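Here the structure is laid out as structure tokens; the discussion comes afterwards.
The values are calculated or read from the model by the stated rules, or taken from the named source; none is laboratory data. Values in this document were obtained by computation on a predicted structure and should not be read as measured data. All Cβ positions, even for glycine, are placed from backbone atoms using ideal geometry, and neighbour counts span all protein chains on display. Each accessible area value is taken on the protein alone, full model and side chains, heavy atoms only, with ligands, DNA and RNA left out. Shrake-Rupley method; radii C 1.70, N 1.55, O 1.52, S 1.80 Å.
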2 protein chains.
Amino acid sequence: MLSFKDFPVGRRFEFPSRTVTAKEIIAFAREFDPQPMHVDEAAGTASILGGLAASGWHTSAMMMRMLCDSYINKTAAEGSPGVSAMQWKRPVLAGDTLSGHCTVTEARLSRSRPEIGIVRFVAQVINQHGETVALCDYANMIRTEAPEAAAHAHG
Amino acid sequence: MLSFKDFPVGRRFEFPSRTVTAKEIIAFAREFDPQPMHVDEAAGTASILGGLAASGWHTSAMMMRMLCDSYINKTAAEGSPGVSAMQWKRPVLAGDTLSGHCTVTEARLSRSRPEIGIVRFVAQVINQHGETVALCDYANMIRTEAPEAAAHAHG
């Protein structure tokens, strides 16, 4: 398990790549963001997005999965108080392949809970053309000592 | 259809309420945020969250649906460039009932595209105890004139 000391400023974690399908875009949008350009191919093509486009929140959710797979699920992490910026810079269209990375920008101990470090990151989601589609500035709470691995095993 | 002129500073839109089930929390988390406290009841109860808790991104996605149902899907909206703050202030636990509202905090015309207004909102998601669980500061691009309704009909 990684703990606070493993997150010095500048450390970078690479994301696994993931291809987004029209089916996934439509399923997410029907449940959470039923705007025409996210649920209908023709409406997406007619919009300024230029095609069936993932909801920004879907892109963010896919980014979260990449964060889990790149470091969170092997880290003594205790969640996040939130995000100080989430930018959707370009459309994510059906068939796009996403990857990217996140980089530590700040690491400090919590004032109120000395067993916890606050680690700030910038995450960058990149498409198959090398264009940044999303940027996120967020923080994680990470324990200074990893508990026994068993306590963090998935149920 | 609502257009830019319908979004003066201070206007507030109420969210419909929604009860979150354990099944929904686990399904979202298995796909997008497979951390133990989001996919396993016992791990959630043992965590600082105090129960099976929705991923913050799941809470954000549910908020987006509330925004669609409260105003976006009857507005000549052209999406969002992003979010300048997304705070997850309290856990959202299985069985919680969420509601809330969003309020216009700023409204101005785009400098580069005069047919578009930039409207900034604060959205607040509230649980059945009256506690704020999430706060979001975001902007929407909204047309100054609504196009024909048919162009925005769902596919």
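Rounded to the nearest whole Hz, the Karplus-based 3J(HN,Hα) values (6.51 cos²θ - 1.76 cosθ + 1.60, θ = phi - 60°) of the range B:79-94 follow the sequence x, 9, x, x, 10, 9, 6, 9, 10, 9, 8, 9, x, 9, 9, 3, with x at glycine and proline. Starting from the label point of B:Gly50 at 7 Å along Cα→Cβ, the same points in the other copies fall at 4.8 nm, in ascending order. Across all Cα pairs in the range B:87-126, the calculated P(r) in 5 Å bins from zero up to the longest distance comes to 6, 18, 18, 16, 11, 10, 10, 7, 4, 0 percent per bin. Using the reciprocal of the averaged 1/r over all distinct C-alpha pairs, how large is the Kirkwood radius of the range A:1-128 in Å? Mean inverse Cα-Cα distance, inverted, gives 16.0 Å. For the range A:99-151, the Kirkwood estimate of hydrodynamic radius, built from reciprocal distances between every pair of different alpha carbons, is 12.8 Å.
Straight-line reach from A:Lys89: taking Cα to Cα under 12 Å and skipping same-chain neighbours fewer than 8 places apart, the aspartates and glutamates in range are A:Glu131.
Only protein atoms count toward the accessible area here, which uses a 1.4 Å probe; on the protein assembly as shown, the carbon and sulfur part of that area reaches 52 percent.
When chain B is described by a simple charge dipole with +1 on each Lys and Arg Cβ and -1 on each Asp and Glu Cβ, the residue from B:Ala85, B:Ser17, B:Ile116 located farthest towards its positive end is B:Ile116. Inter-copy label distances for B:Asp69: 3.2 nm (label point placed 7 Å from Cα along Cα→Cβ; shortest first). Normalised by 2.2 N^0.38 Å, where N is the number of residues, the C-alpha radius of gyration of the range B:56-107 stands at 1.26.
Annotation: average projected area of the protein assembly as shown is 15.7 square nanometres, based on the convex hull of Cα atoms across all directions. Here the Kirkwood formula puts the hydrodynamic radius of the range B:60-155 at 14.6 Å, using every distinct Cα pair.
Within the range B:1-47, the proportion of C-alpha pairs whose separation exceeds 18 Å stands at 54%. The charge dipole of the range B:4-154, taken about the Cα centre with unit charges on the Cβ atoms of Lys, Arg (+1) and Asp, Glu (-1), comes to about 400 debye, rounded to the nearest 20. If you run the Gaussian network model on chain A, springs between alpha carbon atoms under 10 Å, then out of A:Ser112, A:Ser60, A:Ser84 the most flexible one is A:Ser112. Counting from the shortest, the label point at B:Glu106, 7 Å from Cα toward Cβ, is 2.0 nm from the same position in each remaining copy.
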